[in-house]
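The values are calculated or read from the model by the stated rules, or taken from the named source; none is laboratory data. Keep in mind that this is a model prediction, so the values were computed, not measured. Virtual Cβ from ideal backbone geometry, glycine too; neighbours counted across all protein chains shown.
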Ligand code: Z5A
Ligand code: MG
């Protein structure tokens, strides 16, 4: 009965290259948890619903041009503008399944050549995830999946650099799952990881991201 007791909710983040299956798996995990009676919400970054998010969305669709540092800071601001709500949801007992977070922020901007410490700095003080699930898929394999090629960063060489930077960000909260396995197999693994995490962090205080 994941999360049905009184503790806080868990912050579970899914990361991975484009088309690694994050959004599909977030939706599946969320409906599983809800079916288990767990209070949970699905979030995603960028959150395109805010004013900052609309600027990001236009940039990603190549409808606007922004300096690399400017867009980096907008992605970070888009997380900061959700921090207070995130904290109150978690403390109120709601688990958040989040599709991309600060790791996307750093990995994508660093892949453009920005300094990694500079990239990390604006996200210091955001809420630290309890669990980061990295869906590991080779860029070539991801590119074969539906919908690739539309937005700005969807090029194989760039995705390879992003993968290298993701690799350097791994810490003790990360679990790497083979995202090239069938959807149902991946889903099964995520259920177990998330359920354990939700149970384990109920009494743990929230912490801030320090990198
Ligand atoms: N970005 C950034 O630069 N800085 C930041 O701080 C943040 C983001 C937060 C938009 O993100 C861009 O913003 C992104 C990073 C950058 N770069 N780009 N481009 P986004 O989250 O909006 O991206 P998206 O459009 O949602 O797509 P995605 O994340 O690239 O895809 P996904 O969510 O990982 O995959 P999916 O939509 O679940 O699945 C893709 C397809 O594969 C679909 O047809 C599935 O049916 C199929 N699929 C999924 N799993 C499987 C398996 N296991 N087997 C076979 N087929 C599968
Ligand atoms: Mg997605």
Quick check on this structure: which one of 80, 43 is in contact with a strand residue (DSSP E or B) (Cβ under 8 Å, 6 or more places away or on another chain) and either modelled with pLDDT of 95 or more or over 16 Å from residue 109 (Cα atoms) (or both)?
43
If residue 66 meets every condition in (1) surrounded by 15 or more Cβ atoms within 10 Å (Cβ to Cβ); (2) in contact with a helix residue (DSSP H, G or I) (Cβ under 8 Å, 6 or more places away or on another chain); (3) farther than 18 Å from residue 102 by Cβ apart from one, which number is that one?
(1)
Among (1) surrounded by 22 or more Cβ atoms within 10 Å (Cβ to Cβ); (2) away from ligand 2 (no atom under 16 Å from the Cβ); (3) modelled with pLDDT of 95 or more, where does residue 107 come up short?
(2)
The one condition in (1) away from ligand 2 (no atom under 13 Å from the Cβ); (2) in contact with a strand residue (DSSP E or B) (Cβ under 7 Å, 6 or more places away or on another chain) that residue 59 fails to fulfil:
(2)
Just checking, does segment 190-198 include any residue being surrounded by fewer than 16 Cβ atoms within 10 Å (Cβ to Cβ), away from ligand 2 (no atom under 16 Å from the Cβ) and over 17 Å from the mean Cα position of the chain (by Cα)?
yes
Restricting attention to segment 21-31, report how many residues are touching a helix residue (DSSP H, G or I) at 6+ places or on another chain (Cβ under 6 Å) and within 7 Å of ligand 1 (Cβ to nearest atom).
1
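What do you reckon, is residue 130 modelled with pLDDT of 95 or more and surrounded by fewer than 13 Cβ atoms within 10 Å (Cβ to Cβ)?
Spelling it out, it is not the case that residue 130 is modelled with pLDDT of 95 or more and surrounded by fewer than 13 Cβ atoms within 10 Å (Cβ to Cβ).
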